[in-house]
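What follows is calculated from the coordinates using simple rules that are stated; it is not laboratory data. As the structure is a prediction and not an experimental result, all values here were calculated from the model. Every residue, glycine among them, receives a Cβ derived from its backbone with ideal geometry; neighbour counts consider all protein chains shown.
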């Protein structure tokens, strides 16, 4: 039975996961037609963490492109939270989604019915991001130690950066996560965007969210929730302070139900891989930043996240 690794060891192990170079070939017309006899529509799950209107707007061009390229009906299913997409995938109600690493691990543990296809690559060539704890700039809080007696908002229980990794880090530091033991209270804001808004509105003293940790901090870095909120005019980085960042976390994958035809998976990967070159506006809308495309994803990239989630489940049962 797998065991939870320490965060330092976890960071070392995940940092050296090799990303294989796999040739991504466009399917031939005859092969591409094979799967159409079995698949009449493709249903895309949209994770929560952002208001529904913005999510649907961001995916509009992508929906049209997939319909043109694949020749089937494309339906979008925005969920209220991460669990909604995970449950829909397990029930066969959603076919493909971009997951957080923790949501993917949870979905895989739930049904063993989903496989990672591709993972976003950052501008420096890496496939990692970090969790960050954010407070108001005028709060006077400058460190985790300064958070004693203050409130902390998690994003979503199925988010790696917004719950799993910061919670595991706090426990390794000997911080008791029970309300009142260290933090005055903890809670879930309902998503990454909502968590930062709650800090700005003084509903929580701090929130954890995801960011690439690369690029211009004044712009919210190169990719992530902070970058997205700055771009939408919801946040000025001068109004907040980052008091903690995690080690490297693997970017979440685009994943598809394992039972779907291999030719469909290949066609989807080919379209996604071509996005930055041929449809950069759609790519930028999906990834909300300055990444540089996708590389093949493997289960090895997520084995430590799966172990952490499995350990969390055992702990909650015990």
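Taking the number of other C-beta atoms within 10 Å as the exposure measure, put 147, 89, 299 in order starting with the fewest.
299, 147, 89
With both partners inside the chain, how many of the DSSP beta bridges are antiparallel, as a percent to the nearest 5?
On the way: 25 of 39 bridges.
Among the beta bridges of the chain, antiparallel pairing accounts for roughly 65 percent.
I want to check the label-to-label distance for residue 179 and residue 216. Put each point 7 Å from Cα in the C-beta direction and report it in nm to one decimal.
4.2 nm
Restricting to the stretch 128-249, what percent of DSSP beta bridges are antiparallel, rounded to 5? Mind dumping the intermediate values first?
On the way: 13 of 19 bridges.
The antiparallel proportion sits near 70 percent.
With each run of n ≥ 4 DSSP H residues scored as -39500 (n - 2.57), what mean residue ellipticity at 222 nm is computed for the chain after dividing by its residue count and rounding to the nearest 500 deg cm²/dmol? Please report the intermediate quantities before stating the final value.
Working: 11 runs with 118 residues, N = 318.
That calculation yields -11000 deg cm²/dmol at 222 nm.
Quick one: length gained pulling residue 274 to residue 203 fully straight, 0.36 nm per residue minus the C-alpha distance? Display every interim value, and only then the final one.
Numbers: separation 71, 0.36 × 71 = 25.56 nm, distance 4.25 nm.
Full extension of this stretch gives 21.3 nm more.
So for the chain, averaging the separation of alpha carbon pairs under 8 Å that are six or more residues apart and normalising by length, what relative contact order in percent results?
Values: 618 pairs, mean separation 91.0, N = 318.
Relative contact order of the chain: 29 percent.
Can you compute the modelled spin-label distance between residue 67 and residue 150, with each label point 7 Å from Cα toward Cβ, in nm?
Simple spin-label model gives 4.7 nm for this pair.
In a Gaussian network model over the chain where Cα atoms closer than 10 Å are linked, find which of 156, 274, 138 has the largest mean-square fluctuation.
138
Give me the distance between the Cα centres of the stretch 164-196 and the stretch 288-315, rounded to whole Å.
After rounding, the separation between the Cα centres reads 20 Å.
Could you list 143, 311 in order of exposure, starting from the residue whose Cβ has the fewest other Cβ atoms within 10 Å? Spell out each step's value before the answer.
Values: 143 11, 311 16.
Starting with the residue having the fewest Cβ neighbours, the order is 143, 311.
Assuming 0.36 nm per residue, please report the length gained on full extension of the stretch residue 111 to residue 36 beyond their Cα-Cα distance. Numbers along the way, then the final one.
On the way: separation 75, 0.36 × 75 = 27.00 nm, distance 2.51 nm.
Full-extension gain reported as 24.5 nm.
List the relative contact order of the stretch 128-249 as a percent without decimals, with contacts defined as Cα pairs under 8 Å and 6+ residues apart. Before the final figure, lay out the partial values.
Working: 258 pairs, mean separation 48.7, N = 122.
The normalised contact order for the stretch 128-249 reaches 40 percent.
7 Å from Cα along Cα→Cβ at both residue 91 and residue 142: what's the point-to-point distance in nm?
5.1 nm
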